[in-house]
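Colleague: Okay, here's the structure, questions in a sec.
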Amino acid sequence: MLGQVASHVRAIRNVGSTVLHIAWVAAGRLDAMYQTTTKWWDVAAAGLIVEEAGGVLSDLSGGPMRPESIVASTPGIHEELLKILL
């Protein structure tokens, strides 16, 4: 999955915290993030922050976010990112 994304982006960052990545999307420091393994308690509040900031949250198929499938991004790139990730 990382290889699919790498050819479409300028940089990939991983600081080891799903919550921090989601918060950075909300703050505009990252355009998008995805994660395939995490826990609900790690992402529930951060997900709300993204939505309140105008971002988009889903799972990899575009459905509701789940702990094993989270994609957060700015609205303009969400659909394209989902196509790349699938």
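The values are calculated or read from the model by the stated rules, or taken from the named source; none is laboratory data. Everything numeric in this text was worked out from a predicted model, so none of it was measured. Ideal geometry is used to build each Cβ from the backbone, glycine not excepted, and the neighbour counts take in all protein chains shown.
Colleague: Under the condition of being more than 17 Å from Ile77 (Cα to Cα), loosely packed, with under 12 Cβ neighbours inside 10 Å and of a type outside the set (S, T, N, Q), which residue from segment 22-44 is modelled with the lowest pLDDT?
Modeller: Only one residue tops the list, namely Trp41.
Colleague: If only one of Gly47, Gly76, Gly63, Gly55 is within 12 Å of the chain's Cα centre (by Cα) and over 18 Å from Val15 (Cα atoms), which one is it?
Modeller: Gly55
Colleague: Does segment 58-66 contain any residue that is assigned to a strand (DSSP E or B), surrounded by fewer than 19 Cβ atoms within 10 Å (Cβ to Cβ) and modelled with pLDDT of 85 or more?
Modeller: Filtering segment 58-66 for residues assigned to a strand (DSSP E or B) gives 58, 66.
Remaining after also requiring surrounded by fewer than 19 Cβ atoms within 10 Å (Cβ to Cβ): 66.
Restricting the remaining residues to those that are modelled with pLDDT of 85 or more gives 66.
There is at least one residue in segment 58-66 that is assigned to a strand (DSSP E or B), surrounded by fewer than 19 Cβ atoms within 10 Å (Cβ to Cβ) and modelled with pLDDT of 85 or more.
Colleague: Another question about this same structure. Across segment 67-86, what is the total count of residues that are surrounded by 13 or more Cβ atoms within 10 Å (Cβ to Cβ) and either hydroxyl-bearing (Ser, Thr, Tyr) or in a loop (DSSP other than H, G, I, E, B) (or both)?
Modeller: The number of residues fulfilling the criteria is 4.
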